[in-house]
1. Can you go through GLY332, GLY411, GLY406 and tell me which one is of a type outside the set (A, V, I, L, M, F, W, C), in a loop (DSSP other than H, G, I, E, B) and either modelled with pLDDT under 90 or under 26 Å from ALA99 (Cα atoms) (or both)?
2. Restricting to region 94-126, name every residue that is over 24 Å from PRO209 (Cα atoms), polar (S, T, N, Q) and in contact with a helix residue (DSSP H, G or I) (Cβ under 7 Å, 6 or more places away or on another chain).
3. In region 355-401, how many residues are of a type in the set (A, V, I, L, M), in a loop (DSSP other than H, G, I, E, B) and surrounded by fewer than 20 Cβ atoms within 10 Å (Cβ to Cβ)?
4. So for region 339-351 (the condition being in contact with a helix residue (DSSP H, G or I) (Cβ under 7 Å, 6 or more places away or on another chain) and surrounded by fewer than 22 Cβ atoms within 10 Å (Cβ to Cβ)), does at least one residue qualify?
5. Taking region 154-195, which residues are in a strand (DSSP E or B) and polar (S, T, N, Q)?
6. Which condition from (1) in contact (Cβ under 8 Å) with a residue 24 or more places away in the chain; (2) closer than 27 Å to ARG147 by Cβ is the one that ALA97 breaks?
7. Answer yes or no: is there a residue in region 131-153 that is part of a loop (DSSP other than H, G, I, E, B) and under 30 Å from ARG367 (Cβ atoms).
Amino acid sequence: MASSPSSPALVQRAARILAHTPPALLRLRAPAVAFFLRTAKLAPTAGKALLALLLLLNVGSWPLVWHFRVLAPLAEFLASRRLLLLRHLFSSSRTKAAALEAYYSARSPVGLHPLRMVATDTYRATPDDCDFLLHLSNSSYAKAMDRARFRLAVNTFPNFMRCGGWAPLAATHFQFIREIPMFAPYEVRASVGAWDEKWIYVVSRFVAPPPSSKSRKSKSSSKSKSSLPDSDANEGIARALARAGSQAASVGGALSPEIGDSGANTPARTVTGAAVQDEGASGEQTAKALLARAVVAREADGAVLYTVTVAQLCYKFGRRTVPPAVILAANGFAAPLPSADPSGIDTTPTYSLAAPPPHWAATAALRASIPALTAFYAGGWREERWWEEALAGAEAERRERISLFGVLRGGMEGVRGVQAGNGA
């Protein structure tokens, strides 16, 4: 089969035809012929420009781009550690160990309340992430959550990652409230929602970037009564959960060891049939209350809420499951019990890296030795129970929140046996 002629060949053929065309006919068709010649010359250039534009608009879907986005927080963490080691290449072992300890301490959330920390990532709804309705497609939310969870992991348990620990994803739940238009910027704010003896729940909130300070000032007089008051963004989650939690059944049952594939005991919660029935009865009320609250509420800084997601994870050290409270406390989180003086003034201590919580100093020996830290995560936490007191001040709020996340998990586990045609 003969190959099709190229654009220069077409131009030459058209020129030969025009050479034998009578002048009178040529004058009548001169505009059309001129347009044809210009189009033939510009076609390759226009095609290349269109292809380049198409590739540029879909740069987010190029090979390895997803890996770069997701692993960027971890790569930055490891690169800065490598630079630190290079700076101390000729230092003594003691100096190098002290520098590493200072590095990991600076990267750890020392003194922060585990239910108050928020890790934020900024994105834009690019065409390759949008559907035919010109807004962010449902599958793109999961892509954005991957990076948000990685950043939260780097910011919450660097000492656990240092020993080879990781946090596999067990389940994800989405609630879509508003669509994100194409090319619109948005933020993903990831925070710890709650935890139990095995699972930790990460809440990611997709929001429109908050308005500028001038815009907030001009709209302050007309702020909706349903808006959240100005306070910590994660405290807004707590209040919303608390309102819905009054209608939810708490997760009942006693603790019992769950035997994993490795044979190691994994803390688990057994739920009685009555508890599951109560949770199912209140689950619809809980969902409605949360949805009604989320639709009308803004974030504390005025950002508009698009979507709320919940990720269920656990902490793994090899094949052993480590309770989330152990990981949080060992990496510096603290929640002291509230206290007040006789006059009612709050005297609850506040901690930071400069004024660390008591348990942080107690774990100095663990952090100074990788073998000691490894042994602690491998099972030493069962004998050393200081981590329970480190988060005592968060226990009441944790219990209030976990009842709602238990309803969410219990409902999904309950529908595993629902199949078409089996009468369930």
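1. Details: GLY411 fails: in a loop (DSSP other than H, G, I, E, B); GLY406 fails: in a loop (DSSP other than H, G, I, E, B).
Sole residue among the options that is of a type outside the set (A, V, I, L, M, F, W, C), in a loop (DSSP other than H, G, I, E, B) and either modelled with pLDDT under 90 or under 26 Å from ALA99 (Cα atoms) (or both): GLY332.
2. Answer for region 94-126, where residues must be over 24 Å from PRO209 (Cα atoms), polar (S, T, N, Q) and in contact with a helix residue (DSSP H, G or I) (Cβ under 7 Å, 6 or more places away or on another chain): just SER108.
3. So the first thing to find is which residues in region 355-401 are of a type in the set (A, V, I, L, M), and the list is 355, 361-362, 364-366, 368, 370, 372-373, 375, 378, 390-392, 394, 396.
In the following step, the residues that additionally are in a loop (DSSP other than H, G, I, E, B) were identified as 355, 368, 378, 391.
Cutting the leftovers down to surrounded by fewer than 20 Cβ atoms within 10 Å (Cβ to Cβ) gives us 355, 368, 378.
Summing the residues that are of a type in the set (A, V, I, L, M), in a loop (DSSP other than H, G, I, E, B) and surrounded by fewer than 20 Cβ atoms within 10 Å (Cβ to Cβ) in region 355-401 gives 3.
4. no
5. Start the filter on region 154-195 by keeping residues that are in a strand (DSSP E or B), which leaves 166, 169-176, 181, 185-195.
The answer is THR172, GLN175, SER191.
6. Unmet for ALA97, out of (1) in contact (Cβ under 8 Å) with a residue 24 or more places away in the chain; (2) closer than 27 Å to ARG147 by Cβ: (2).
7. If we filter region 131-153 for residues that are part of a loop (DSSP other than H, G, I, E, B), which is where we start, we get 131-134, 137.
Narrowing the set further to residues that are under 30 Å from ARG367 (Cβ atoms) leaves none.
No, every residue in region 131-153 fails to be part of a loop (DSSP other than H, G, I, E, B) and under 30 Å from ARG367 (Cβ atoms).
Per-residue answers, yes or no, for (1) outside any helix (DSSP H, G or I); (2) β-branched (Val, Ile, Thr); (3) modelled with pLDDT of 90 or more; (4) surrounded by fewer than 18 Cβ atoms within 10 Å (Cβ to Cβ):
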position: LEU71; (1), (2), (3), (4): no, no, no, yes
position: LEU78; (1), (2), (3), (4): no, no, no, yes
position: LEU86; (1), (2), (3), (4): no, no, yes, yes
position: ARG94; (1), (2), (3), (4): no, no, no, yes
position: ALA97; (1), (2), (3), (4): no, no, no, yes
position: VAL110; (1), (2), (3), (4): yes, yes, yes, no
position: HIS113; (1), (2), (3), (4): yes, no, yes, no
position: ALA119; (1), (2), (3), (4): yes, no, no, no
position: TYR123; (1), (2), (3), (4): yes, no, yes, no
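The values are calculated or read from the model by the stated rules, or taken from the named source; none is laboratory data. If you're wondering where the values come from, they're calculated on a predicted model, not measured in any experiment. Neighbour counts are summed over all protein chains in view; Cβ atoms, including those assigned to glycine, are modelled from backbone coordinates with ideal geometry.
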